[in-house]
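S.K.: Take a look at this one; I'll ask things after.
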């Protein structure tokens with residue numbers, strides 16, 4: 001059996017191996033048709049960078065809400081960016097730069113439901129990575 005899971009490059013969720021993909025697992029890239037259609041664009045890159053910038057400008061243990069990044073990128077229409085901000089956060093988790101938390105504890109980014117907070121991952125070389 002090949003690698004048991006991989007990460008969707010669009011939404012950052014875990015893709016778990018399934019028997020029906022046995023012959024084509026190497027070509028499975030996206031978790032859904034929606035992710036296949038909605039490729040990453042400059043808004044997604046901006047959201048990732050704003051999340052990193054907001055966290056870099058705060059105390060190491062401070063957290064932010066994904067809505068803060070959405071408000072910076074599109075102040076008048078930030079609500080429409082909320083899911084994209086959460087996806088940006090999951091991609092940053094995959095890269096090892098941040099953690100998604102609920103009630104102060106890091107949680108599995110793929111299974112996060114409800115309100116979340118974002119914080120810099122301790123020991124991830126966050127400051128150096130975020131300046132790219």
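Values in this text are rule-based calculations from the coordinates and carry no lab data. Computed from a prediction, not measured in an experiment: that's the story for all the values here. Positions of Cβ are backbone-derived with ideal geometry, glycine not excepted, and every protein chain shown enters the neighbour counts.
S.K.: For the chain, find the longest principal axis of its Cα atoms and tell me its angle to the long axis of helix 82-94, 0 to 90°, nearest 10.
M.R.: 80
S.K.: Quick one: if you take sqrt(5λ) for each eigenvalue of the C-alpha gyration tensor of the chain, what semi-axes come out, biggest first, whole angstrom?
M.R.: So the three semi-axes of the chain are 27, 17, 13 Å.
S.K.: At 0.36 nm per residue, minus the direct Cα-Cα distance, what do residue 122 and residue 106 gain on full extension? Give it in nm, one decimal, please.
M.R.: Numbers: separation 16, 0.36 × 16 = 5.76 nm, distance 1.13 nm.
In short, 4.6 nm is gained.
S.K.: Relative to the longest principal Cα axis of the chain, at what angle does helix 42-56 sit, 0 to 90 degrees, rounded to 10?
M.R.: The angle comes out at about 50 degrees.
S.K.: Return 5, 110 ranked ascending by Cβ neighbour count within 10 Å, so the fewest neighbours appear first.
M.R.: Least crowded to most crowded, the residues run 5, 110.
S.K.: Ok, one more. Rank these for me by crowding, 11, 35, 65, going from fewest to most other beta carbons within 10 Å.
M.R.: Listing 11, 35, 65 from fewest to most nearby Cβ atoms yields 65, 35, 11.
S.K.: Which stretch or stretches of the stretch 54-88 have amide N atoms under 17 Å from the point lying 7 Å from residue 34's Cα along the Cα→Cβ direction?
M.R.: Only 79-88 pass the distance filter.
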